[in-house]
Amino acid sequence: MEPNDRVAVKRRVFLQLIGTGLALGTLPLAARIVHGAETGLKVGIVGSGRIGSNLGEIWLKAGHEVMFSSRHIENDRALAARLGGKARAGTPNEAAAFGEILLMAVPYRALPQLGKDLANELKGKPLIDACNPFVHRDGEIATWAREKGAGLASAELLPGARIVRAFNAVSYARLPDIAQRNGGERPGMPMAGNDAKAIALASRLVRDAGFEPVVVGDLAFGKHLIPGTPLAGERSPEEVRKVAATLR
């Protein structure tokens, strides 16, 4: 068997296992839906800039509780006050402790320090990694992350977190329009991760943002989930799967 064939087989097996895990992991959620008892998630957002604030507002409208955090708590408090409802503000440590699942949406160069500052809160915590390594902005750590692969690099910088890469290659400016779209096929959201339960939680938030989750591979496949790659931009779920199948 050729090396590329072995990679393809390994990826198919991984996706089958993740698919089984997703089905099993969502059974309790399905039961709650049947009985009308589905409740919102507590979402901690670290980095309340363009991506974090847009997704936070979308998830609030979907019925989730959201805590915004950044280096500027005054801005987070103003944002939470403007959005109202179940929005609140806190420090990154408070948001990480608050969330059943976290969204990390900060410049990539901030991850090493956040990994240290939030070490206790990140242990075992599902985390959506929306951070992208840009060399012109983030410097040497971005070069390293691109060489290693953004998914594996984030896992090394945020030890203990159950990372799912998502929301990495779609424009933040499109998020409100996609979330408000009524009817028609949802665009696919390529996702990469190793933990089926974390992927199941992240998938729920992806759907609430107006996308159809498409698991394309494990965290090593996260190297493809950055702007400028073939998976960037908006595509149908089937198109995402077809593109992903050509990548190694």
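The values are calculated or read from the model by the stated rules, or taken from the named source; none is laboratory data. Because the structure is a prediction, the values reported are computed rather than measured. Note that each Cβ is placed from the backbone with ideal geometry, even for glycine, and that neighbours are counted across all protein chains shown. Note: areas computed on protein heavy atoms with side chains; ligands, DNA, RNA excluded. Shrake-Rupley method; radii C 1.70, N 1.55, O 1.52, S 1.80 Å.
When residue 159 is tested against (1) open to solvent by 30 Å² or more (accessible area, probe 1.4 Å); (2) at pLDDT below 95; (3) out of contact with any Ser or Thr (no Cβ under 9 Å at 6 or more places or on another chain), only condition (2) is not met. The residue that is surrounded by the fewest Cβ atoms within 10 Å (Cβ to Cβ), among those in the stretch 69-81 that are within 22 Å of residue 167 (Cβ to Cβ) and not hydroxyl-bearing (Ser, Thr, Tyr), is 72. Examine the stretch 77-85 for a residue that is without any contact (Cβ under 8 Å) to a residue 40 or more places away in the chain and in contact with a Ser or Thr (Cβ under 8 Å, 6 or more places away or on another chain), and state whether such a residue exists. Yes, that holds for at least one residue. In the stretch 110-124, the residues that are closer than 14 Å to residue 99 by Cβ reach residues that are open to solvent by 40 Å² or more (accessible area, probe 1.4 Å) and part of a helix (DSSP H, G or I) with C-beta atoms within less than 6 angstrom, at least six apart or across chains, in these pairs: 121/97. Evaluation of residue 20 against the conditions (1) at pLDDT 95 or above; (2) open to solvent by 70 Å² or more (accessible area, probe 1.4 Å); (3) part of a helix (DSSP H, G or I); (4) in contact with a helix residue (DSSP H, G or I) (Cβ under 9 Å, 6 or more places away or on another chain) shows that the sole unmet condition is (1). Within the stretch 110-138, the only residue that satisfies the criterion of being in contact with a Phe, Trp or Tyr (Cβ under 9 Å, 6 or more places away or on another chain), more than 19 Å from residue 166 (Cβ to Cβ) and not acidic (Asp, Glu) is 137.
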